[in-house]
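Asker: Sharing a structure with you now.
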Amino acid sequence: MEKVCPICNGLQSIFIACPCCESLMADGGVLENYYGPYSPYMDWSGLQQNSSEGQCVHLLYCPACHYDTRVAWELILI
């Protein structure tokens, strides 16, 4: 069995309202993608050391008011 992020793998959808304007937040992707120009192409297991064990941290943003936040999802076994 393997642990995977339910958001990255399309197993769950994100329905979180923006705390500022109540619009639906959008997924900006895995936080590690913002670490550097080549980080989206690096081995994910190496980048995982920078995040919490057993979690995948995503950047969520509001397309209406540009508020953003980070949300951690627990990895699940598949």
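Asker: Just give me the residues in the stretch 1-33 being touching a Cys at 6+ places or on another chain (Cβ under 8 Å) and over 20 Å from Ile78 (Cα atoms), in sequence order.
Answerer: In the first step, residues of the stretch 1-33 are kept if they are touching a Cys at 6+ places or on another chain (Cβ under 8 Å); the result is 5, 7-8, 18, 20-21, 23-26, 30.
Scanning the stretch 1-33 gives Cys18, Cys20, Cys21, Ser23, Leu24, Met25, Ala26.
Asker: Is there any pair linking a residue in the stretch 1-29 that is within 17 Å of Tyr61 (Cβ to Cβ) to one that is outside any loop (DSSP other than H, G, I, E, B) and open to solvent by 90 Å² or more (accessible area, probe 1.4 Å), with Cβ under 8 Å and at least six apart or on different chains, and which?
Answerer: Once the first residue is within 17 Å of Tyr61 (Cβ to Cβ) and sits in the stretch 1-29, its partners that are outside any loop (DSSP other than H, G, I, E, B) and open to solvent by 90 Å² or more (accessible area, probe 1.4 Å) give Phe15/Leu24; Ile16/Leu24; Ala17/Leu24; Cys18/Leu24; Met25/Tyr61; Ala26/Tyr61; Gly28/Tyr61.
The values are calculated or read from the model by the stated rules, or taken from the named source; none is laboratory data. Predicted model only: the values in this text are computed from it and were never measured. Cβ coordinates were reconstructed from backbone atoms using ideal geometry, including for glycine residues, and neighbour counts include every protein chain displayed. When the accessible area is computed, the model is the full protein with side chains, heavy atoms only, and any ligands, DNA or RNA have been set aside. Shrake-Rupley method; radii C 1.70, N 1.55, O 1.52, S 1.80 Å.
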